[in-house]
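What follows is a short report on a single structure.
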Amino acid sequence: MLFFETNGREEFASEFVRLSRKNVFDQKISTDVAEIISTVRERGNSAIIEYAKKFDHIDLTPDQFYFDLDGLDEETLPLSEEEKSAIRFAYNRIYDFALQTKPQSSERGREGYVVQKYVPFDSVACYVPSGSFPLVSTTIHTCAFARAAGVEDITIITSPKENGVHPAILYAAKIVGARRILQLGGVYGVAAAAYGTDTVDPVQFIAGPGNAYVTEAKKQVFGVVGIDMLAGPSEIMVIVDESANPSYVAADLLSQAEHGSGREQAVLVTNSQVLVDVIEGEVAKQRSRLPESQAMDLVIEKSIFVIKVENIQEVVAICNEYAPEHVEILTKSPELIEPLITSAGAIMMGEWTPEPIGDFVAGSSHVLPTGGSARIFSGLNTGHFMKKISVQNFSRKMLEETRSAAEMFAKMESLPAHGRSVSIRFDE
């Protein structure tokens, strides 16, 4: 754990962000990703087969790239009823939230109108990481929003495994209405979904979290396809005062440190030195009860930042400058701080809202912007899977009312044909 004090300095927030974010961009990752994408574009299936062998240690043939879900009976999968029930429970909550927050097209008037309509993408791919353990929840936290948007063709991208796709991901995929699973991982899977091959159909939009390589791949294919955001290694900021339970705080910090990449970050912000000392001891005690993990220990040593502040203004400045993926507010009055936070992926208020509840079953998506990108990106939502199209339908009266200004703009911008396009409609 690394310790800091603001000492009332206004520049602390920006200094801290420069320090903590200094390793967010890695030129080698960018170069490696560009090479893989270029090779997949040029060589298609043969490149994918080579990368599957190199990165996922598996021999694939093109007919194994896709797993078709149409003929799968999810109830025959080797899962307990408790596991199936948890997946259905989470899906129902998340899908309901996705429907409730779905953008609605504008009402159209009878005598002409200018409105905006929302149209779902035809085809999307949702990336589901599958390292040592399958991230079943990500299947739901991406595809449920695509389905609520009205997307008809949903593909899940996940790394190939010797024993095939994990049954929990298969079950979740059927529940959320995905059509197929593209068993290609990492950068080469993203490249295949973006550009297509002789076997893989390109999609319009790619969503979902991943490691630093997947995030960079999404960044580089943006423009060929739409993307949701840059969602890389996880991070949390926990804002606490003397009312916070130290054991809760320690548990919440460690929950983000266990994701496994070693690049996660956890930031504790408080005005209480006494609480800092107690929480440090709690982190050590709770860590000793968890499984061995070099990645977690690396995060604890180098990427858990503890900041002692002097007032609420400093808390807000640090949070909005850092723009964390998750913010927990464990204070006497979290409702006083929450309105002041303007840059964050998700905000969890009070001791009964631990961050992992958002990861699994709260309702909003756990796919959130990281690395400071919450300053400009929003968490995954139904609107991500929809295009916004303006529709203009003028009556003669509306054109008469706007004609003079339109013709003046045409004159100011030396576009006479534009002006004539309007005026010709009123020639006798």
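Per-structure values
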quantity	calculated
Number of positions in the range 336-353 that are in contact with a Pro (Cβ under 6 Å, 6 or more places away or on another chain), of a type in the set (A, V, I, L, M) and buried (at least 19 other Cβ atoms within 10 Å of the Cβ)	1
Candidates Thr6, Thr39 - the one that is under 28 Å from the mean Cα position of the chain (by Cα) and surrounded by 15 or more Cβ atoms within 10 Å (Cβ to Cβ)	Thr39
Leading residue by the ranking (farthest from the chain's Cα centre (by Cα)) among those in the range 222-239 that are farther than 18 Å from Leu135 by Cβ and not in a loop (DSSP other than H, G, I, E, B)	Ile239
Test: residue in the range 76-98 that is over 19 Å from Ile357 (Cα atoms), of a type in the set (Lys, Arg) and touching a Gly at 6+ places or on another chain (Cβ under 8 Å)	no
Answer residue from the range 154-173, given it is among the polar types (S, T, N, Q) and closer than 16 Å to Ala192 by Cβ and is surrounded by the fewest Cβ atoms within 10 Å (Cβ to Cβ) among those	Ser159
Candidates Val187, Val119, filtered to the one that is within 22 Å of Pro62 (Cβ to Cβ), of a type in the set (Val, Ile, Thr) and not in a loop (DSSP other than H, G, I, E, B)	Val187
Check on Phe426, buried (at least 17 other Cβ atoms within 10 Å of the Cβ) and either small (Gly, Ala, Ser) or under 30 Å from Arg110 (Cα atoms) (or both)	no
Lys54 vs. criteria more than 28 Å from Leu253 (Cα to Cα), among the basic types (Lys, Arg), at pLDDT 95 or above and buried (at least 16 other Cβ atoms within 10 Å of the Cβ)	no
Residue in the range 81-93 that is exposed (fewer than 15 other Cβ atoms within 10 Å of the Cβ), over 28 Å from the mean Cα position of the chain (by Cα) and not assigned by TED's automatic domain parsing to the domain that holds Val276 present	yes
Single residue of Val283, Val315 found to be within 27 Å of the chain's Cα centre (by Cα), among the hydrophobic types (A, V, I, L, M, F, W, C) and farther than 22 Å from Leu230 by Cα	Val315
Residues being among the hydrophobic types (A, V, I, L, M, F, W, C) and surrounded by 21 or more Cβ atoms within 10 Å (Cβ to Cβ) - total across the range 106-134	5
Enumeration of residues in the range 278-330 that are charged (D, E, K, R), loosely packed, with under 13 Cβ neighbours inside 10 Å and not in a helix (DSSP H, G or I)	Arg289, Glu292
Residue match in the range 34-55 (condition: within 30 Å of Ser272 (Cα to Cα) and among the acidic types (Asp, Glu))	no
Qualifying positions in the range 122-154 - touching a residue at least 60 places away in the same chain (Cβ under 8 Å) and in a strand (DSSP E or B)	Ser123, Val124, Ala125, Cys126, Tyr127
Criterion violated by Ala47 - all others in (1) part of a helix (DSSP H, G or I); (2) more than 28 Å from Leu182 (Cα to Cα); (3) in contact (Cβ under 8 Å) with a residue 60 or more places away in the chain satisfied	(2)
Any hit, the range 240-263, residues being part of a strand (DSSP E or B) and either at pLDDT 95 or above or over 30 Å from Glu42 (Cβ atoms) (or both)	yes
Filter result for the condition that a residue is of a type in the set (Lys, Arg) and either without any contact (Cβ under 8 Å) to a residue 24 or more places away in the chain or assigned to a loop (DSSP other than H, G, I, E, B) (or both), over Arg88, Arg9, Arg93	Arg9
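Let's see how each residue does on (1) exposed (fewer than 12 other Cβ atoms within 10 Å of the Cβ); (2) charged (D, E, K, R); (3) modelled with pLDDT of 95 or more:
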| position | (1), (2), (3) |
| --- | --- |
| Asn393 | no, no, yes |
| Glu407 | no, yes, yes |
| Met412 | yes, no, yes |
| His418 | no, no, yes |
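The values are calculated or read from the model by the stated rules, or taken from the named source; none is laboratory data. This one's a predicted model, so the numbers in the text were calculated from it and none came from an experiment. Heads up, the Cβs are rebuilt from the backbone with ideal geometry, glycines too, and the neighbour counts pull from every protein chain shown.
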